[in-house]
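**Student:** Take this structure, written in structure tokens, and hold onto it; I'll ask about it next.
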Amino acid sequence: MMLFTALYKITKYLTAMLSTAVLLGACSMINQDKTIINIHGIDKDYPVFLMEIDTGAVIPIDSLMKPHDNQAVFSLDIDTQGIYVIQNKDTEIEFIVLPKDTINLSITDKKTLEDSDSLNVSFIQFFNFIQTMENKADSLAYHFINSQATDSFSIVREKVTDSFDILLQEANLTAKSYLRQNPSSIGIFRALNSVIKQSPVFNYPIDYEWFYLTDSLLQQYHSGHPYSIWLHNKLEYYRRLFGDINSQSRLLNEDFLINKITLPGINNKLMNVDPLPGGLTLLYLWDNNVESRVANRRIKLISEKYVDENFRIYTIAFYPDVKRWSTVIALDKLWGMNMIDTTGQSSKILSDLNNPPLPSYILINQNYRVINHSKNILQFEEWLSRYFNKGETNNQLN
């Protein structure tokens, strides 16, 4: 009897082991063509959501409403790579998913658990940076709201606006660094379309070269992908809307002679562009587009940064509505020498300047000759920084 009982227990154990082996083998066969996502460090008291970032929305893919422990596993049947989001309680992490891949993520630490996963390491680092910028923007908004009933509201509003502009500039530079360092990653689509509190990190046509670079890279490495198709179609729309940037945005050559400019100022009194003797004079050309409003805030910071330098700024608006122009100047705090041409895009001044893109930044010397012409505010700022940091007398100024 004891022998029979022992044999029975052995048989039962072997049967269980065999069944487990068969089950694991079956699971392995089922999942060998699947993409597996292992999430560690979740809060089991809250559901876990898996979403995909589409070209125009975040699409729910799967969820685990009642996790049994601190780990969740998702199995996906996908045939192309994409960008996904895991959300648990008030924490989320974005990452890149490849077909038939196995990904191990820590939502607590917001990182991959394998250092060899360089594709996701760099992307998650960038995503974490954007989230940090979002948190800083939240703090600024909180400060702004709390100061509305105080006597210092106007000062706080100005500081908050300037601080947010600096956040956007930092995000722009970091996103460009990610694009340069990860040209073949599908994550460049997300970097190009990053936003900080609904404010885009890249603006067209100010950053047009980065739009076209990303488009060419996606066409090269991810031809036919929905991200690639969407961006290419968007740029086709921009071409129809703005025209061909490369053909229209002809920059003035150095030593190009500018005609003397006389236009009404803020009080409707005629003003002349009077270049600074022995110094730099900027002709900042702008109109009523979104890119100009973004650039206006940068021009204000530039004027404050170089207030002690031999540097003068004329802001020339090609604006048909004088009242609206005056309001924008007050809102954007473009104090100084403001001029307006109410003929707008039909202006003879623009025609004489070879119809530059707006906004545009033209530096001239005391003899009205062009020293530098840029259509990108960040490139222009870099040029100014290099010039003033050298501390040398430039013979072009004479």
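**Student:** As an exercise: evaluate residue 40 against (1) at pLDDT 90 or above; (2) under 28 Å from the mean Cα position of the chain (by Cα); (3) not acidic (Asp, Glu) and give the number of the one condition it does not meet.
**Tutor:** Residue 40 satisfies every listed condition except (2).
**Student:** Say we look at region 257-285 and pick out the residues that are without any contact (Cβ under 8 Å) to a residue 60 or more places away in the chain and assigned to a strand (DSSP E or B); which of these is farthest from the chain's Cα centre (by Cα)?
**Tutor:** The initial filter retains those residues of region 257-285 that are without any contact (Cβ under 8 Å) to a residue 60 or more places away in the chain, namely 262, 267-270, 272, 274.
So of that shortlist, the ones also assigned to a strand (DSSP E or B) come out as 262, 270, 272.
Values: 262: 38, 270: 40, 272: 38 Å.
That would be 270.
**Student:** Would a scan of region 170-181 turn up a residue that is farther than 30 Å from residue 73 by Cα, among the hydrophobic types (A, V, I, L, M, F, W, C) and touching a Lys or Arg at 6+ places or on another chain (Cβ under 8 Å)? Full working, then the answer.
**Tutor:** Residues of region 170-181 farther than 30 Å from residue 73 by Cα: 170-177, 179-181.
Next, only the ones that are among the hydrophobic types (A, V, I, L, M, F, W, C) stay: 171, 173, 175, 179.
Pick out the ones that are also touching a Lys or Arg at 6+ places or on another chain (Cβ under 8 Å) and you get none.
Within region 170-181 (the criterion being farther than 30 Å from residue 73 by Cα, among the hydrophobic types (A, V, I, L, M, F, W, C) and touching a Lys or Arg at 6+ places or on another chain (Cβ under 8 Å)), the answer is no, since none of the residues qualifies.
**Student:** May I ask you to say which residue of 124, 61 is assigned by TED's automatic domain parsing to the domain that holds residue 45, hydrophobic (A, V, I, L, M, F, W, C) and within 30 Å of residue 36 (Cα to Cα)? Break it down into steps so the answer makes sense when it comes.
**Tutor:** Details: 124 fails: assigned by TED's automatic domain parsing to the domain that holds residue 45.
Matching residue, one of 124, 61: 61.
**Student:** Can you find a residue in region 345-365 that is at pLDDT below 90, part of a helix (DSSP H, G or I) and surrounded by 15 or more Cβ atoms within 10 Å (Cβ to Cβ)?
**Tutor:** no
**Student:** Here's something else I'd like to know. Using the structure shown, decide if residue 149 is assigned by TED's automatic domain parsing to the domain that holds residue 203 and assigned to a helix (DSSP H, G or I).
**Tutor:** Criteria not met by residue 149.
**Student:** Hey, does region 32-49 have a residue that's surrounded by fewer than 14 Cβ atoms within 10 Å (Cβ to Cβ), of a type outside the set (A, V, I, L, M) and over 17 Å from residue 90 (Cα atoms)? Spell out the reasoning first.
**Tutor:** Residues of region 32-49 surrounded by fewer than 14 Cβ atoms within 10 Å (Cβ to Cβ): 32-33, 45.
This time we only want the ones that are of a type outside the set (A, V, I, L, M), so: 32-33, 45.
Those still in the list that are over 17 Å from residue 90 (Cα atoms) too: 32-33.
Scanning region 32-49, I find at least one residue that is surrounded by fewer than 14 Cβ atoms within 10 Å (Cβ to Cβ), of a type outside the set (A, V, I, L, M) and over 17 Å from residue 90 (Cα atoms), so the answer is yes.
**Student:** Tell me, please, whether a residue that is under 15 Å from residue 49 (Cα atoms), in a loop (DSSP other than H, G, I, E, B) and modelled with pLDDT under 90 can be found in region 114-129.
**Tutor:** Here is the first cut: in region 114-129, the residues under 15 Å from residue 49 (Cα atoms) are none.
Looking for residues that are under 15 Å from residue 49 (Cα atoms), in a loop (DSSP other than H, G, I, E, B) and modelled with pLDDT under 90, one finds none in region 114-129, hence no.
**Student:** Identify, from the list 209, 158, the residue that is over 12 Å from the mean Cα position of the chain (by Cα), surrounded by 14 or more Cβ atoms within 10 Å (Cβ to Cβ) and touching a residue at least 40 places away in the same chain (Cβ under 8 Å). Step through it out loud before you land on a result.
**Tutor:** Working: 158 fails: surrounded by 14 or more Cβ atoms within 10 Å (Cβ to Cβ).
Every option except 209 fails the conditions.
**Student:** Among the residues in region 288-310, are any assigned by TED's automatic domain parsing to the domain that holds residue 375, more than 27 Å from the chain's Cα centre (by Cα) and aliphatic (A, V, I, L, M)? Talk me through it step by step, then tell me what you get.
**Tutor:** Filtering region 288-310 down to residues assigned by TED's automatic domain parsing to the domain that holds residue 375 leaves 288-310.
Next cut, more than 27 Å from the chain's Cα centre (by Cα) only: 307-310.
After this cut, where a residue has to be aliphatic (A, V, I, L, M) as well, the list is 307.
Checking region 288-310: at least one residue is assigned by TED's automatic domain parsing to the domain that holds residue 375, more than 27 Å from the chain's Cα centre (by Cα) and aliphatic (A, V, I, L, M).
**Student:** Tell me which of these residue 70 doesn't satisfy, since it passes every other one: (1) modelled with pLDDT of 90 or more; (2) over 28 Å from the mean Cα position of the chain (by Cα).
**Tutor:** (1)
**Student:** Within region 371-378, can one find any residue that is part of a strand (DSSP E or B) and at pLDDT below 90?
**Tutor:** Yes, there is a match, as at least one residue in region 371-378 is part of a strand (DSSP E or B) and at pLDDT below 90.
**Student:** Restricting attention to region 191-220, which residues are farther than 22 Å from residue 376 by Cβ and either in a helix (DSSP H, G or I) or acidic (Asp, Glu) (or both)? Outline the logic, then answer.
**Tutor:** First, the residues of region 191-220 that are farther than 22 Å from residue 376 by Cβ: 197-198, 219-220.
Selection gives 219, 220.
The values are calculated or read from the model by the stated rules, or taken from the named source; none is laboratory data. Predicted, not measured: the structure shown is a model, and the values here were computed from it. Neighbour counts run over all protein chains shown; Cβ positions are idealised from the backbone, glycine included.
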